[in-house]
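Have a look at the structure below, then the notes.
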Amino acid sequence: MTREEYADLILPNVKHTAAYYEQLYPERDLAEGAIVTRYAPSPTGFVHIGALYSAFIGSKMAQQTNGVFFLRIEDTDQKRSIDDGVNKIIDDLIKFDINFDEGVTKDGDKGAYGPYTQSQRKDIYQAFAKKLIIEDKAYPCFCSESQNKAEREVQEKNKERLGYYGKWAKCRHLSMEEVVQKISNGEKYIIRLKSPGDFNKRFTFKDCIKGKAELPENDEDFPIIKSDGLPTYHFAHAIDDHLMRSTHIIRGDEWYPSVPKHTQLFVMLGFKVPKYAHISPLLKEDNGTRRKISKRKDPEAAISFYHEKGIPNQAIMLYLETVANSNFEMWLEQNKDKDPEEFILDFKKMPTGGTMFDYDKLINISKNYISRLKASEVYDLALVHAQTYDKELEELLEKYKDYSIKIFNIERNQKKPRKDIAYFGDVKNQIWYMYDELFNPPVYEWQKIQDKNEIKLILNTYINEYYDNNDDKDTWFQKMKTLANKLGYAGEMKDYKENPDNYKGNITDISMVLRVALTSKSMTPDLYDIMQLLGPERMKKRMEMSLQ
Ligand code: GLU
């Protein structure tokens, strides 16, 4: 029996040869330095913030080098796939403006290196596994799960290294005749790599992010094809990234220890080894220890969480970029007029260890981002958010469009713009009192002046004697001072500080009474602008409500 016939017996019905596929997917014709990379999720329907972070880095690296970024779906572990998982992932990524040049889309595959879904590439993997068998670099293994488990227990008991290697690799030494016999007996099998590695030798490599490293060589005969005929992650990674002509493997650093295995696979398959860039995880403090943000434990692990909150995508991207390259914030500070897209990401400046996920910093970035938007943009984004998450606010925003834009415009176009809105889910919480439908008369807990008669006096004197909707801001302010003085409060803070005993209080106490009566809040954006928007009729009504 020739080795070809032997390989045919082990992997029957393979349509094409490895050489055929090599020809089908030629080298890409790209300029020197162009990065070809991918985002390769399993279709679980869930995008983790850490995954978004890697996808962002991959897409930006490809884009800034005029390379290619593609989406590959890794669905060989059928247990992890869910219906519609792929569409959910695509929807989530679109929301964050992660764009793919190639790969799986909602309307099928785009690009010449597909199929981009692993379950559709069975013949390709098997063609290459067959090549390895022919070359005596891979072999079928008939050991059952329970046999493997029993071996592991012995290894544990003897304190030996776990795994299928050296003397533990029983099927490695089966003769062709034995294999043929077992197959004709109907025994089940997987395919393992025949590793030429030596665990006592060091394997050195250079990670684009983590730098130079040394790990033991791989001597494990790890599985490459499972009993269902589908590849393991290791094998699929080598075949796909070679045939899709990826230049860089940008992925989470849980895969870092597998580099010796992967490099060995590339070499044994006769492929050029790609560059690896392992991204350090986002961490969280939990009971005094640091751990990766976890899908199971942390709601903020899912990117849908940010969508629900209404944190603008750009703010999340800006935050992730500050994590990716620590010099980004400084660059942004120095290049205020530039588009953040112009910043060049550098692998060498990426963190080599985990980074604490700083939610407060993200919120701060979000606040700053929203503060720089135009009022009409805030309106549009608040409306989009409300359409999904808050019907009541949606109706108010739609009914009072111009009025709402004016609300958002208060203290906006100025050097230090207002920063009360941290995310769009926070809009109602910040501006509800501007809508009569939501307004509640105040509870006077927080202001200095508690006496109802005094409050009544202040409100009535103001509205009857001083308030004029046509006043400009300076006149308005002068009148507030005059009102204060008239009622025995200091109009100037300086006077009050010099002789506090001469006054009932000062101008801030007066404006607090007005602010609370009109808005039911002790802190709001500019009171003059609020009065302008409310107008005299509603002001009177609210004052009356507050006195009841
Ligand atoms: N499907 C793998 C994962 O979800 C992808 C790792 C890679 O990018 O190679 O972890």
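The values are calculated or read from the model by the stated rules, or taken from the named source; none is laboratory data. Keep in mind that what you see is a predicted model, and the values were worked out from it rather than measured. FYI the Cβ positions are ideal-geometry reconstructions off the backbone, even for glycines, and counts take in every protein chain you see. Protein only, heavy atoms only, side chains kept; ligands, DNA and RNA dropped before computing areas. Shrake-Rupley method; radii C 1.70, N 1.55, O 1.52, S 1.80 Å.
Roughly how many Å is it from the Cα centre of the stretch 439-472 to that of the stretch 254-305, as a whole number?
Result: 60 Å between the Cα centres.
How large is log10 I(q)/I(0) at q = 0.07, 0.08, 0.11 Å⁻¹ when the Debye formula is applied to the Cα atoms of the chain, each weighted equally and without solvent?
-0.59, -0.69, -1.03
Using the Karplus curve 6.51 cos²θ - 1.76 cosθ + 1.60 with θ = phi - 60°, what ³J(HN,Hα) values do you get for each residue of the stretch 334-348, in whole Hz, with x for Gly and Pro?
Each residue of the stretch 334-348 in turn: 7, 10, 4, 7, 8, 7, x, 4, 6, 5, 9, 6, 10, 3, 5 Hz.
Calculate the all-directions average of the projected area of the stretch 12-52's alpha-carbon convex hull, and give it in nm².
5.9
Starting from the Cα coordinates of the stretch 291-364, work out the convex hull volume and express it per residue in Å³. Before the final figure, lay out each step's value.
Working: hull volume 7.7 nm³, N = 74.
Taking the convex hull of the Cα positions in the stretch 291-364, it is 104 Å³ per residue.
Under the Kirkwood approximation applied to all pairs of distinct alpha-carbon atoms, what is the hydrodynamic radius of the stretch 201-326 in Å?
17.3
Once a ≥ b ≥ c are taken as the square roots of the eigenvalues of the Cα gyration tensor of the stretch 176-252, is the result rounded (a/c under 1.5), prolate (a/b larger than b/c) or oblate (a/b not larger than b/c)?
It comes out oblate by the Cα gyration axes.
Residues with amide H under 5 Å of Met356's amide H, sequence separation 5 or more or different chain, H placed in the peptide plane at 1.01 Å from N; which?
The answer is Leu283.
Nearest 500 deg cm²/dmol is fine: what mean residue ellipticity at 222 nm does the chain get from its DSSP H runs of n ≥ 4 alone, each adding -39,500 (n - 2.57), divided by its residue count?
Rounded to the nearest 500, the figure is -13000 deg cm²/dmol.
Apply the Karplus parameterisation 6.51 cos²θ - 1.76 cosθ + 1.60, with θ equal to phi minus 60°, to every residue of the stretch 238-255 and state each ³J(HN,Hα) to the nearest whole Hz, in sequence, with x for glycine and proline.
Coupling constants for the stretch 238-255: 5, 5, 5, 6, 6, 5, 8, 6, 5, 8, 10, 9, 9, 7, x, 7, 5, 8 Hz.
Please compute the net charge surrounding Ser54, taking Lys and Arg as +1 and Asp and Glu as -1 over other residues with Cβ under 12 Å from its Cβ.
Values: positive: Arg38, Lys60, Arg251; negative: Asp253, Glu254.
Around Ser54, the charge tally is +1.
Hey, got a sec? Which GluC sites (Glu not before Pro) in the stretch 73-139 land in a DSSP loop and have at most 15 other Cβ atoms within 10 Å? If you can, show how the numbers build up before the last one.
Working: sites: Glu74, Glu102, Glu135; in loops: Glu74, Glu135.
Qualifying residues, ordered by number: Glu135.
Quick one: pull the percent of accessible area on the stretch 430-548 belonging to carbon and sulfur, 1.4 Å probe, ligands and nucleic acids left out.
Accessible surface attributable to carbon and sulfur in the stretch 430-548 totals 48 percent.
Based on Cα positions only, what radius of gyration and what Dmax would you give for the stretch 364-475, in angstroms?
16.9, 46
Where the centroid of each part is defined by its Cα atoms, how far is the stretch 105-181 from the stretch 23-40 in Å?
28
With no other cysteine's Cβ closer than 4.7 Å, which Cys residues of the chain count as lacking a disulfide-compatible partner?
Singleton cysteines: Cys143, Cys208.
Under the Karplus relation 6.51 cos²θ - 1.76 cosθ + 1.60, θ = phi - 60°, what is the ordered set of whole-Hz ³J(HN,Hα) values for the stretch 178-188, x standing for Gly and Pro?
Ordered by residue, 3J(HN,Hα) equals 4, 4, 4, 4, 5, 5, 5, 6, x, 6, 7 Hz.
Rg and Dmax of the stretch 1-83, Cα atoms, in Å?
Looking at the stretch 1-83, its Cα Rg and Dmax stand at 18.3, 53 Å.
Take the Cα pairs of the stretch 401-548, get the Kirkwood Rh, then feed it into Stokes-Einstein at 25 °C and 0.890 mPa s and tell me D in µm²/s. Could you put the intermediate results ahead of the total?
Numbers: Rh = 16.2 Å.
Answer from the Stokes-Einstein relation: 152 µm²/s.
Based on the Cα gyration tensor of the stretch 72-228, what are the three equivalent ellipsoid semi-axes, each the root of five times an eigenvalue, rounded to whole Å and given largest first? Intermediate results must be reported in sequence, preceding the final value.
Numbers: eigenvalues 242, 104, 56 Å².
Semi-axes from the Cα gyration tensor: 35, 23, 17 Å.
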